[in-house]
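Let me give you the structure first, and then I'll get to my questions.
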Amino acid sequence: MPEINYITNLSTDNYSGGWSGMNHNVYKQLSKKRDINLIENVNPAYPFVSKFVSKCMRMAGKKSVYPAFTSRRLDVIKKLVESRLNTNASLNFFHGATPWLHVESSLPYAMYLDCCFATYINVYHNPAQFSKKQQNDLFEKESSFLEKAKAVFFSSQWAMKDTKIKYSLTGNNFYLAGLGGGFSSVCKKLQTVNPYFLFVGLDFLGKGGDKVVKAFTSISKKFPEFKLKIAGQKPPVEFLRHQQIEYAGLINKSNAGDLKKLTDLFCNAYCFVLPTSKDITPLVLVEAASVGCPAIATNNFGIPEIVKDGETGFLVSNDDLLEEQLREKMILLCSDIQLRNKTGIAAKKHIDTNFNWDNTGNIICEKISFSEN
């Protein structure tokens, strides 16, 4: 008899991105210790009319609905989930929260989040573009959903704190579970011939790729031996005109060949740069540090929990001084290979100690054991 209904809108075989990687690994951890009834790929198509109207209204400067979480779509999700629940299980475990707000079950439940919906929409969207009525409805439902859960696990302290503030919750049932996702590869000696900075992001502009290109272009004359490699979403052509900038392609970590390619990119990189303005707990920072690659990243979101400023890398402010600070930190590392190696060693130690999925799995399994009693 399955002990847990594991419910997700993704495939547990897919771990190409940060959120899908969290889903894959949390499910894998639970599966080690519990019998699972897997309910995956619960992702019905958005109603075309809702999606079309929403886009048109935003283009016209009017408020629109958020199409993923209309009441109609949440009702469709509810039916799909409830039809596949094993009612003899002892717990429902949700990956995320917002898609499941209409699901009804007599079973206790828990979930793993990188953030709540109120945090998400403020980070990735402009809330003023969307219906205030819909937002308030979702906020109210999600606040109640989280409050009634037996346990809510977060990937970062920052997201957990922000959820308490956004929804005015005590969070007595909130727990920091963290995340993992580091590479197991042992890197060779640092590449000193044609050294390169690395940027990886599926949203080139949102992750600050344009800022990285501008900063690199500014320092490249002083350090002509350095290159910049970009992986993920292909940048607009104007960002690839510099002869020392190379596009490494779109990489799918679920593919073994692509995974090796990405691992090699991190292993051989001089420094990873991610001045992102749209993130929660970037898994790529864990990946970079796990192979001894220091990072320059934004001092926001859950990032300071992964990158320790001046110890495992450097943090820059997400304001008008961002590009200037990027140039300053890049020049500092280019000029001091001992500092680069010192921060790289510290980065790997920090990740090995604090960021692995076994730790996350142990925390979750320990807390849901008491939750089921």
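The values are calculated or read from the model by the stated rules, or taken from the named source; none is laboratory data. The model shown is predicted, which means the values in this text are computed figures rather than measured ones. We place every Cβ from the backbone using ideal geometry, glycine too, and count neighbours over all the protein chains shown. Surface areas here come from the heavy atoms of the whole protein model, side chains and all, with no ligands, DNA or RNA. Shrake-Rupley method; radii C 1.70, N 1.55, O 1.52, S 1.80 Å.
How many of the residues making up segment 86-134 are under 22 Å from the mean Cα position of the chain (by Cα) and open to solvent by less than 20 Å² (accessible area, probe 1.4 Å)?
Count: 18.
Still on this structure, I have one more. Going through segment 335-373 one residue at a time, which ones are touching a strand residue (DSSP E or B) at 6+ places or on another chain (Cβ under 8 Å) and modelled with pLDDT under 95?
Passing the criteria: LYS367, ILE368, SER371, GLU372.
For segment 319-361, give me each residue that is free of Cβ contacts under 8 Å to residues at least 60 places away in the same chain and crowded, with 18+ Cβ neighbours inside 10 Å.
Passing the criteria: GLN325, LYS329, THR343, ALA346, ALA347, LYS348.
If you take the residues in segment 200-225 that are in a loop (DSSP other than H, G, I, E, B) and of a type in the set (Gly, Ala, Ser), which one is nearest to ARG241 (Cα to Cα)?
The extreme case among them is SER220.
Another question about this same structure. Going through segment 232-256 one residue at a time, which ones are open to solvent by 70 Å² or more (accessible area, probe 1.4 Å) and within 13 Å of PHE216 (Cβ to Cβ)?
Residues satisfying the conditions are ARG241, GLN243, GLU246.
Which one of these is on the phi < 0 side of the Ramachandran plot, open to solvent by 10 Å² or more (accessible area, probe 1.4 Å) and without any contact (Cβ under 8 Å) to a residue 60 or more places away in the chain: LEU146, LEU80? Explain how you work it out, then say what you get.
Numbers: LEU146 fails: open to solvent by 10 Å² or more (accessible area, probe 1.4 Å).
Within the list LEU146, LEU80, the selection yields LEU80.
Is it the case that segment 213-227 has a residue that's more than 20 Å from the chain's Cα centre (by Cα), more than 21 Å from SER335 (Cα to Cα) and among the acidic types (Asp, Glu)?
Kept after step one, since they are more than 20 Å from the chain's Cα centre (by Cα), are these residues of segment 213-227: 213-227.
Of the ones still in play, those that are also more than 21 Å from SER335 (Cα to Cα) are none.
No, because not a single residue in segment 213-227 is more than 20 Å from the chain's Cα centre (by Cα), more than 21 Å from SER335 (Cα to Cα) and among the acidic types (Asp, Glu).
I would also like to ask the following. For segment 303-345, give me each residue that is in contact with a Cys (Cβ under 9 Å, 6 or more places away or on another chain), not in a strand (DSSP E or B) and not polar (S, T, N, Q).
LYS329, MET330, LEU333, CYS334, ARG340, GLY344
Residue check: is MET59 surrounded by fewer than 18 Cβ atoms within 10 Å (Cβ to Cβ) and either under 22 Å from the mean Cα position of the chain (by Cα) or at pLDDT below 85 (or both)?
So MET59 fits the description; yes.
Out of segment 187-213, which residues are over 25 Å from ASN300 (Cβ atoms) and either without any contact (Cβ under 8 Å) to a residue 60 or more places away in the chain or in contact with a Pro (Cβ under 7 Å, 6 or more places away or on another chain) (or both)?
Result: LYS189, VAL193, ASN194.
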